[in-house]
Amino acid sequence: MDRLTESQEERLSELAQAIVAPESGCVLVPPAQEAAGYWFGAGNCVRDPRDGSLLLLGRYRDAGDSRLGLAAGPRGRELALFRSTDDGATFAKIRAWGKAELSGGSPVLSIEGSFLRLSGGRVEVLVSLEKDQPYPAGLREYQKPGTGVWSIDRFVAPSVEALDPRGCLEPFLRGPGPAHLHVKDPSVTAGPQPGALLVLHCCHPYTWSSASSGYVLLDEAGRRLTASPDFFPRGPVWDVAAARITCRLPVPRRGAFRDAPPVSLYFYDGAECLRPHEPHGAGVARPRGYSCEELGGVAYGLDACFPAVRRLSLLAPAFVSPHGTGCCRYASVWSEPSGDLFATWQQSAASGAQPLLGHWLSAADVDELLGA
């Protein structure tokens with residue numbers, strides 16, 4: 001058996017809708033400008049055990065279009081780290097790294113999804129970088145001028161203050177071949193088996209015609225156990241062009257899930273098309289998602305059955321902004337020992353800009369949604 005009962009699935013959908021709330025989230029970090037093409041997000045939030053503050057990592061993206069090449073604008077220009085000393089009410093930038101500082105052997109053209117992890121007394125940053133590198137031989141005519149190849153790099157330090165990618169940036173994950181040439185947008189969580197570490201990411205082919213979610217399962221020593229570049233493929237309807245998992249959240253074993261096997265929610269971004277696609281005039285108007293304008297979805301999986309994951313938002317997206325393009329993506333959830341949840345996501349505003357939004361969901365509210 002690889003699925004829950006219908007009533008349990010309904011409770012999971014209600015919980016997900018309360019975690020990511022497009023109509024009631026608060027702006028945590030605005031983009032550089034209130035205009036289309038300016039974003040902040042694509043990261044995560046953690047609690048700093050040293051002083052109890054919240055640390056938030058993300059990237060600033062300025063106007064530009066990867067389909068036209070770097071000359072169209074700066075695109076992902078800065079990876080930034082913020083700290084909140086008032087439990088998420090306000091965030092102040094404390095560290096930042098531009099393209100030059102993140103360039104190792106190859107110049108960096110753009111910065112995308114990142115992940116901050118505190119473990120074993122050290123601070124680890126994973127970051128997606130588009131590097132000035134050629135496509136594989138035989139496919140180079142498909143590479144647009146001013147673009148490169150996406151991969152995930154890592155840098156580590158004993159403290160936030162000591163973080164510095166210069167001289168210690170190392171490769172972490174590369175695409176396994178042309179069908180999954182571009183690898184980006186990491187998310188790290190405890191694996192479905194004890195001691196393992198699960199790294200989720202997305203993959204794009206050399207043609208940029210679609211996106212799927214992949215994973216790498218590592219043991220305690222960091223050795224690769226299993227991996228798949230597309231264990232969560234594109235969907236059948238609204239997410240037929242793209243499906244990128246950005247967060248795995250273990251569901252508390254309370255209420256309707258007290259006696260259920262361990263289960264996890266998966267938040268993901270989807271799109272019906274990767275290019276502007278206007279609906280027919282007589283058709284039902286709906287947000288479609290295109291290029292870098294994904295909508296939000298949710299799925300779940302029984303941990304014992306991983307990598308099997310079932311969509312809850314099968315026929316329509318679960319999360320759509322009431323403003324602008326409808327974009328709602330890069331959901332990430334920090335879970336406190338108390339059971340409180342702090343969710344963040346990037347969302348379209350009326351101006352076309354995409355700030356980072358977020359809010360707290362109390363353990364009491366979670367329990368009520370789970371039927372505890």
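The values are calculated or read from the model by the stated rules, or taken from the named source; none is laboratory data. Being a predicted model, the structure only gives us computed values, none of them experimental. Ideal geometry is used to build each Cβ from the backbone, glycine not excepted, and the neighbour counts take in all protein chains shown.
Things worth noting here:
- Taken over the range 12-58, residues that are among the aliphatic types (A, V, I, L, M), more than 17 Å from F342 (Cβ to Cβ) and either assigned to a loop (DSSP other than H, G, I, E, B) or free of Cβ contacts under 8 Å to residues at least 24 places away in the same chain (or both) amount to 3.
- Scanning the range 105-121 for residues that are closer than 26 Å to A221 by Cβ and at pLDDT 95 or above turns up G113, S114, F115, L116, R117, L118.
- Matching residues, the range 178-196, being modelled with pLDDT of 95 or more and not polar (S, T, N, Q): P178, A179, H180, L181, H182, V183, K184, D185, P186, V188
- Per-region count, the range 160-192, residues out of contact with any Asp or Glu (no Cβ under 9 Å at 6 or more places or on another chain), more than 26 Å from L249 (Cα to Cα), not in a helix (DSSP H, G or I) and not hydrophobic (A, V, I, L, M, F, W, C): 4
Each row is one residue, and each column tells you yes or no for (1) under 21 Å from V108 (Cα atoms); (2) basic (K, R); (3) touching a helix residue (DSSP H, G or I) at 6+ places or on another chain (Cβ under 8 Å).
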| residue | (1), (2), (3) |
| --- | --- |
| E161 | no, no, no |
| P165 | yes, no, no |
| L173 | yes, no, no |
| K184 | yes, yes, no |
| A190 | no, no, no |
| P205 | yes, no, yes |
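- Positions within the range 225-259 being among the hydrophobic types (A, V, I, L, M, F, W, C) and farther than 19 Å from T189 by Cβ, in sequence order: V237, W238, V240, A241, A242, A256
- Filter result for K131 (on the phi < 0 side of the Ramachandran plot, within 18 Å of the chain's Cα centre (by Cα) and surrounded by 13 or more Cβ atoms within 10 Å (Cβ to Cβ)): no
For (1) closer than 18 Å to D239 by Cα; (2) in contact with a Cys (Cβ under 8 Å, 6 or more places away or on another chain); (3) of a type in the set (K, R), each residue gets a yes or a no:
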position: H277; (1), (2), (3): yes, no, no
position: S313; (1), (2), (3): yes, no, no
position: C328; (1), (2), (3): yes, no, no
position: Q347; (1), (2), (3): yes, yes, no
position: A350; (1), (2), (3): no, no, no
position: W360; (1), (2), (3): no, no, no
position: A372; (1), (2), (3): no, no, no
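- For R3: the one exception among (1) over 30 Å from D259 (Cβ atoms); (2) touching a strand residue (DSSP E or B) at 6+ places or on another chain (Cβ under 8 Å): (1)
- Residue tally, condition farther than 20 Å from L361 by Cβ and either out of contact with any Leu (no Cβ under 9 Å at 6 or more places or on another chain) or among the charged types (D, E, K, R) (or both), over the range 232-262: 7
- Filtered residues of the range 151-179 (kept if surrounded by 15 or more Cβ atoms within 10 Å (Cβ to Cβ) and under 24 Å from F82 (Cβ atoms)): I152, D153, R154, F155, V156, A157, V160, L163, P165, L169, F172
- Listed by position, the strands (runs of 3 or more DSSP E) contained in the range 88-159 that have at least 2 residues being touching a strand residue (DSSP E or B) at 6+ places or on another chain (Cβ under 6 Å) and among the hydroxyl-bearing types (S, T, Y) are 108-119.
- Looking only at the range 284-327, and only at residues there that are aliphatic (A, V, I, L, M) and more than 18 Å from F267 (Cα to Cα), the one that is surrounded by the most Cβ atoms within 10 Å (Cβ to Cβ): A304
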